[in-house]
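Engineer: I am attaching a structure below and will ask some questions about it afterwards.
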Amino acid sequence: MSFYRRDILGQALSIIWKKKYLWFLGFFAGLVAHGGEPDLLFRQVNSVTWLKDNLAAVRDVDQSGDGSRFLGAIREVDTAYPTNTLAYVFLTLLILFVILWLVIVAQAAIVIIVGRTAQKKNVSMFDGLADGATKFWPMVILNIMTKLVAWGAWIILGALPAIVYLISGQASWAIIAIAGSLIATLPLSIIISFITKFAATYIVLQNVEPVQAIRDAWQLFRKNVLVSLEV
């Protein structure tokens, strides 16, 4: 399978113009990539400066005891108003679950809607969401697997050196944390973002299991690296 830039961009523009509700689904599906690859690239570059500026601030807050006082205040509120606290927690979890459901199902719905539209079949947003909901758990597994890889790399290369810096105060560990975070979050996150999109397509269109879908997606990305990045 190979990609052709002009065909892809032409079809994408045509489908988006005909199916404007794809912008709504794309908003939620895009949360998986934190706004898409371009935003991910620029935001992570800026996060290097943010991490550098805030590592020392976090360490100062910890040493001054402000963090402990803040946690103590939260415990006092929980003790004084347990019913209200439980209600807020339940409502927050419910909202988060609805958003999570939309994020996961929107990924599958976009594939279904775009695929059927390209085949000149009638399809609505609700058709896409209904059929996408049947792929909810495979899509959940896919996203968990890809996020674990991304987070694992970030923890090893960025978070652990940052923790050592917060404990020891040695500036060299802050530099290692910043460099490690940059290495982990830029190329790896972008690759994982593409693999997640491609694997979702395999799961939805070919009913492939998540592990096999990731393997197939990696092969597809590996053969089309330059075109994928260009598009």
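The values are calculated or read from the model by the stated rules, or taken from the named source; none is laboratory data. All of these numbers come straight from a predicted model, not from anything done at the bench. Here the Cβ positions follow ideal geometry from the backbone for every residue, glycine too, while neighbour counts run over all protein chains shown. Calculation scope for accessible area: heavy atoms of the full protein, side chains included, ligands and nucleic acids excluded. Shrake-Rupley method; radii C 1.70, N 1.55, O 1.52, S 1.80 Å.
Engineer: Can you tell me how many residues in the stretch 213-231 are under 18 Å from the mean Cα position of the chain (by Cα) and surrounded by fewer than 14 Cβ atoms within 10 Å (Cβ to Cβ)?
Structural biologist: 1
Engineer: Among the residues of the stretch 222-231, write down those that are more than 28 Å from Ala159 (Cα to Cα) and assigned to a helix (DSSP H, G or I).
Structural biologist: Once the filter is applied, which keeps residues that are more than 28 Å from Ala159 (Cα to Cα) and assigned to a helix (DSSP H, G or I), the stretch 222-231 yields Arg222, Lys223, Val225, Leu226, Val227, Ser228, Glu230.
Engineer: Among the residues of the stretch 175-212, write down those that are open to solvent by less than 20 Å² (accessible area, probe 1.4 Å) and in contact with a Pro (Cβ under 8 Å, 6 or more places away or on another chain).
Structural biologist: Ala177, Gly180, Ala199, Ile203, Pro210
Engineer: Here's another thing I want to ask about it. So which of Ser47, Ser2 is at pLDDT below 65, more than 30 Å from Leu182 (Cβ to Cβ), open to solvent by less than 90 Å² (accessible area, probe 1.4 Å) and under 27 Å from the mean Cα position of the chain (by Cα)?
Structural biologist: Ser2
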